[in-house]
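What follows is a short report on a single structure.
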Amino acid sequence: MALLVGTVFGYAFARDRSPRGPAARAILWSVAVVATHGLLDAMTDGGLGVALFWPFTHERYFLPWRPIPVAPIGLGMLSKRGICVLAFEVVASLPLLVYAFWPRRTIRPTAAAPAQT
């Protein structure tokens, strides 16, 4: 499923067909996001488990190590537990957010000098 979603997403946003172009990056990132989503859900500490292989089987799975707290649903997010879960998620995702928004130098192509006659 991750490969299918990644490919569809990549082609939906394709601008060029080069092997390292924006479409290829979109495909790789989409596959990574979709593939890791189920694994991260299996690392939560509540719920019924994750049906990783649905529709082939209805078996639900948890990973042996479950450090991610389950967030309350709806207005429960405004409870003490909900705020604690949000704080955990902010701290856990902070390195990725810093990396994503860290300013980078971009290399801009220089304008070609006018031809001298």
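Between Arg81 and Thr106, what length comes free when the chain is fully extended (0.36 nm per residue of separation minus the Cα-Cα distance, one decimal in nm)? It would help to have the intermediate numbers written out before the result.
Values: separation 25, 0.36 × 25 = 9.00 nm, distance 4.23 nm.
Using 0.36 nm per residue and subtracting the Cα-Cα distance, I get 4.8 nm.
Can you give the FRET efficiency to the nearest 0.05 for Phe53 and Val90, using r as the Cβ-Cβ distance and R₀ = 25 Å? Intermediate results must be reported in sequence, preceding the final value.
Values: r = 32 Å, r/R0 = 1.27.
So the FRET efficiency works out to roughly 0.20.
Take the Cα atoms of the stretch 21-66, build their convex hull, and give its volume per residue in Å³.
Taking the convex hull of the Cα positions in the stretch 21-66, it is 79 Å³ per residue.
Given 0.36 nm per residue, what is the gain on full extension from Leu97 to Thr7 after removing their alpha carbon distance, in nm?
29.9 nm
Tell me the label-point distance for the pair Trp29, Phe62, using the 7 Å Cα-to-Cβ offset, in nm and rounded to one decimal.
About 3.4 nm, to one decimal.
Every number in this text was worked out from the coordinates using simple rules, so none of it is lab data. This structure is a prediction, so every number in the text was calculated from the model and none was measured. Virtual Cβ from ideal backbone geometry, glycine too; neighbours counted across all protein chains shown.
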